[in-house]
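The values are calculated or read from the model by the stated rules, or taken from the named source; none is laboratory data. None of the values given here were measured: they were computed from a predicted structure. Note that we place each Cβ from the backbone using ideal geometry, even for glycine, and neighbour counts take in every protein chain shown. Side chains included, ligands, DNA and RNA excluded: accessible areas come from the protein's heavy atoms. Shrake-Rupley method; radii C 1.70, N 1.55, O 1.52, S 1.80 Å.
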Amino acid sequence: MIPEPVQALLQRGVVIPCPESTEIGNEVRPERVAPGVVIHSSSKILGEQTSIGPGCEIGSEQPATVENCQLGQRVALKGGYFSGATFLDDSNMGSGAHVRPGTLLEEEANGAHAVGFKQTLFFPFVTAGSLINFCDAFMAGGTSRKNHSEIGSSYIHFNFTPHQDKATPSLIGDVPHGVMLDQPPIFLGGQGGLIGPVRITYGTVIPAGVICRQDLLERGKLFAPAPPAFREPEAFAIGMYRGINRIVTNNVIYIGNLWALKAWYQFVRKRLMCTTPFGEAVYLGALGQLDTITAERVKRLKELADKMHLSLTKARSALAGVLPAVPYAQQQALIDQWPKMEAHLLQGPAPDTGKAPRDTFLAEWEKIGTGTTYLKAVGGLDAKARTAGTAWLQAIVDAVAGLWKNV
């Protein structure tokens, strides 16, 4: 006998080739699954917040579990586990995927088989190969599916440190320029990795097999470091940090980019996305992901700040109470500044931040009809609008990140 939740979807015109082997949670709202959606054998659709738009296909390569996810149009989740994530139009994931909350894939972004995402943001066209773990990172770049930013197979974003903290988000590209969909792609070669937190700019090429441990902020460069020289093992104390300026700076810039992207959704994307119930569900899902990621990043930075007391104590013991100004003044600065920083990072920028360039941009954006797609709309912007939009979003990033005073 076919369970009632499955029957409800069949009656709506959802295609379920093997209804006896398909699980639909009692909490799933039938009206949030579009007619014509295909759900293959042994797949599970769970969660009251799940929304699946027209043209989507679930489990075409192996069974898939979709739990409290929001899917736009023509999304393909080919197999694996997907929980608390949001997928915009024409994005897709191969079989064996493991996708957790805080994940937002924009239009035509994709991953091949056996890819793990959590707290992961991909702008349109970004492509991840196979056998990849890429959590706690943002990536943009590229202008089309044929000219896209790429993560090679067997790549890892290393997001946990020997000091046992996760203040490690990496910004590959950025929001203010990336939203214009006119930036050179970024290439991360296969069997390599990033040691977070790093910032990588547009046009960067990192060859296969390279582990990158530094910021790369000069455009159009090939990063090919010499093999590290042998060095004797040296003393290392877990919990005793050294310089933290770059770590904190990269974290607050990352959070600033999250606030800029939220403003972009609220002021720009909303009018194109909220024309249908499925589009609105994806819009709200995207905002929810950004709130989730922001809270996570502030939480992880707070954990780092809380570790500074122990770090200074260990350093005083190891150095007989005589602490050089660098790097330990940096750690004390984080202790002193953190309460104000935390409130500032959680609250976000003032509503009128970047108002003049924002209004200039929106005046042009409002001329675009709601019947067009987001990719075509952005592609049709002129140079004046692009410059204004980037200036507005950069003002948000700078306002959020500027509270941290380097030492």
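On the given criteria, is Arg219 among the charged types (D, E, K, R) and touching a Pro at 6+ places or on another chain (Cβ under 8 Å)? Spelling it out, Arg219 is indeed among the charged types (D, E, K, R) and touching a Pro at 6+ places or on another chain (Cβ under 8 Å).
Per-residue answers, yes or no, for (1) under 22 Å from the mean Cα position of the chain (by Cα); (2) surrounded by fewer than 11 Cβ atoms within 10 Å (Cβ to Cβ); (3) farther than 27 Å from Gln347 by Cβ:
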residue: Ile200; (1), (2), (3): yes, no, yes
residue: Thr204; (1), (2), (3): yes, no, yes
residue: Phe223; (1), (2), (3): no, no, yes
residue: Asn250; (1), (2), (3): yes, no, no
residue: Ile253; (1), (2), (3): yes, no, no
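Taken together, the residues in the stretch 49-61 that are over 24 Å from the mean Cα position of the chain (by Cα) and either modelled with pLDDT under 95 or open to solvent by 70 Å² or more (accessible area, probe 1.4 Å) (or both) amount to 1. Being open to solvent by 40 Å² or more (accessible area, probe 1.4 Å), over 22 Å from Cys274 (Cβ atoms) and touching a residue at least 60 places away in the same chain (Cβ under 8 Å) is not true of Asp382. For first residues located in the stretch 364-377 and closer than 15 Å to Glu108 by Cβ, partners that are outside any loop (DSSP other than H, G, I, E, B) and lie 6+ apart or on another chain with Cβ distances below 6 Å form the pairs Tyr374/Leu272. Here's a check for you: in the stretch 116-153, which residue that is of a type in the set (A, V, I, L, M) and not in a strand (DSSP E or B) is nearest to Met180 (Cα to Cα)? Among them, the one singled out is Ala140. Look at (1) open to solvent by 10 Å² or more (accessible area, probe 1.4 Å); (2) under 30 Å from Leu310 (Cα atoms) and you find that Leu131 fails only one, number (2).
Residues that are under 31 Å from the mean Cα position of the chain (by Cα) and either open to solvent by less than 70 Å² (accessible area, probe 1.4 Å) or at positive phi (or both) within the stretch 298-322 comprise Val298, Arg300, Leu301, Glu303, Leu304, Ala305, Lys307, Met308, Ser311, listed in sequence order.
Name the single residue, out of those in the stretch 353-379 being open to solvent by 60 Å² or more (accessible area, probe 1.4 Å) and not in a helix (DSSP H, G or I), that is nearest to Asp90 (Cα to Cα). Out of the qualifying residues, it is Thr373.
Candidates Ile244, Ile238: the one that is of a type outside the set (D, E, K, R) and open to solvent by less than 30 Å² (accessible area, probe 1.4 Å) is Ile244. Note on the stretch 329-356: residues that are in contact with a Ser or Thr (Cβ under 8 Å, 6 or more places away or on another chain) and without any contact (Cβ under 8 Å) to a residue 60 or more places away in the chain total 1.
Taking into account only those residues within the stretch 154-177 that are under 12 Å from the mean Cα position of the chain (by Cα) and part of a loop (DSSP other than H, G, I, E, B), which is surrounded by the most Cβ atoms within 10 Å (Cβ to Cβ)? Of everything passing the filter in the stretch 154-177, Pro169 is surrounded by the most Cβ atoms within 10 Å (Cβ to Cβ). From the residues in the stretch 269-284 that are β-branched (Val, Ile, Thr) and surrounded by fewer than 22 Cβ atoms within 10 Å (Cβ to Cβ), which one is farthest from Ala85 (Cα to Cα)? My answer is Thr275.
Within the stretch 26-48, restricting attention to residues that are farther than 16 Å from Ala85 by Cα and in contact (Cβ under 8 Å) with a residue 40 or more places away in the chain, the residue that is least open to solvent (accessible area, probe 1.4 Å) is Ala34. Entry remark, the stretch 184-198: residues being open to solvent by less than 10 Å² (accessible area, probe 1.4 Å), in a strand (DSSP E or B) and touching an Asp or Glu at 6+ places or on another chain (Cβ under 9 Å) number 1 in total. Only one entry in Val66, Val37 is within 30 Å of Ile186 (Cβ to Cβ), at pLDDT 95 or above and hydrophobic (A, V, I, L, M, F, W, C), namely Val66. Going by the conditions given, is Leu181 in a loop (DSSP other than H, G, I, E, B) and either open to solvent by less than 40 Å² (accessible area, probe 1.4 Å) or on the phi > 0 side of the Ramachandran plot (or both)? The answer is yes for Leu181.
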